[in-house]
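Structure, as structure tokens:
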Amino acid sequence: MRKPLRIALAVLALALLWGSSCLAQVVGADDRYMKIRIASPIHNLTSVRVWRSRYDPSDGLPDRMTQYFHNLLKSAPMVEATLLDKEIGAGWPVRGFGPNDVVVKLNLEDLRIEKKDLVGSRMRAYASVRMTVYGATSKDPIYTWVANSELERWTPEYRDLKEPYFWRDFEGTVCWSAVRDALDRCAEELMSVRRGYRVLGRIVAVARPAEGLKWDRDVKRFHVNLGKDETLQEGDLLAVVRSTVTRTVDGEEPVMIYPQKVATVKVVYLSDRDGVVQVVSEPKDYPVQVGDVVLMPLTTPRKGRF
């Protein structure tokens, strides 16, 4: 075998060995991203219709809501959001999706507009969006949640808003702001730690000062298996979570897992696949230790969110 070929093979073997050892310490590639399919379009079940233009009386609100919600999810770095034709019902393809991926169906179920003209114009809008989340592979409903929003806006000058509503006028009103606020709440709920959609890491070792250096006695640092590849940044605050397991009398789901936050840590150093965190707060009787689970929320910013 030629010497250059032997060297190339040796380098390749070392690279594979290094890569496999590093990947064993981080969240798997399939677990890093939550895949969300949005049933498109978001239906408008209210009596309010917003003309696309003076020459197109079709309701433009469903497409606008879908576009806004899609962009909202795409802005989260750990989410892969795609659109799904709502008319196919439960017949969506499951290839390429895992057990933690979901299909989301949303409906605008209520939109009320109130307007008073005393001094200036005071406009109040109430919006209600119902969100149902399904398992992408099982196609079973996971849960349903309703987001309500009520906003009010006053302007010193008189403003008129009467039917038919045109999108050019409608998008600048508090009505569209209320709809967007309800969609924001749906996105926040969908990616909330309460529902379990998050990136999990683990504290893998105690971080010690370099030879010749000393840390304050109150400084406690640990190595974690999350890094820049999970979009972490230095200064981010993460939650340390421990879970209790309770067995119930329910035959279908005999075990309930109850994750609870016990401490907060701050990222002080990062490489691509791992990092170092410093304990910010912890219980005196149950301090942070190797093996604890670290929870990273899907949405940003992560500073001060916990």
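Pairing each residue of the stretch 211-239 that is in a loop (DSSP other than H, G, I, E, B) with any residue that is open to solvent by 40 Å² or more (accessible area, probe 1.4 Å) and at pLDDT 85 or above, provided the two are 6+ apart or on different chains, yields C-beta distances under 6 Å for Trp215/Pro209; Asn225/Arg202; Asn225/Val204; Asn225/Asp274; Gly227/Asp272; Gly227/Arg273; Gly227/Asp274.
Among the residues of this structure, Tyr126 counts as one that is more than 24 Å from Met34 (Cβ to Cβ), at pLDDT 90 or above and either buried (at least 17 other Cβ atoms within 10 Å of the Cβ) or of a type in the set (Ser, Thr, Tyr) (or both).
No other residue among Arg153, Arg168 is free of Cβ contacts under 8 Å to residues at least 40 places away in the same chain, open to solvent by 70 Å² or more (accessible area, probe 1.4 Å) and over 21 Å from the mean Cα position of the chain (by Cα) apart from Arg153.
Only a single item in (1) out of contact with any Phe, Trp or Tyr (no Cβ under 8 Å at 6 or more places or on another chain); (2) closer than 30 Å to Gly135 by Cα; (3) modelled with pLDDT of 70 or more; (4) open to solvent by 50 Å² or more (accessible area, probe 1.4 Å) is not met by Ser243, and it is number (1). Do you know which residues across the stretch 63-102 are of a type in the set (A, V, I, L, M) and either open to solvent by 30 Å² or more (accessible area, probe 1.4 Å) or more than 17 Å from Met131 (Cβ to Cβ) (or both)? Those that are of a type in the set (A, V, I, L, M) and either open to solvent by 30 Å² or more (accessible area, probe 1.4 Å) or more than 17 Å from Met131 (Cβ to Cβ) (or both): Leu72, Met78, Leu83, Ile88, Ala90, Val94.
For Glu252, the criteria (1) modelled with pLDDT of 85 or more; (2) under 29 Å from Cys186 (Cα atoms); (3) out of contact with any Gly (no Cβ under 7 Å at 6 or more places or on another chain) hold in every case but one, which is (1).
The values are calculated or read from the model by the stated rules, or taken from the named source; none is laboratory data. Please read all numbers here as calculations on a predicted model, not as lab measurements. When we count neighbours, we look across all protein chains shown, and the Cβ atoms used for this are built from the backbone with ideal geometry, even at glycine. Ligands, DNA and RNA are excluded from the accessible area calculation, which covers all protein heavy atoms including side chains. Shrake-Rupley method; radii C 1.70, N 1.55, O 1.52, S 1.80 Å.
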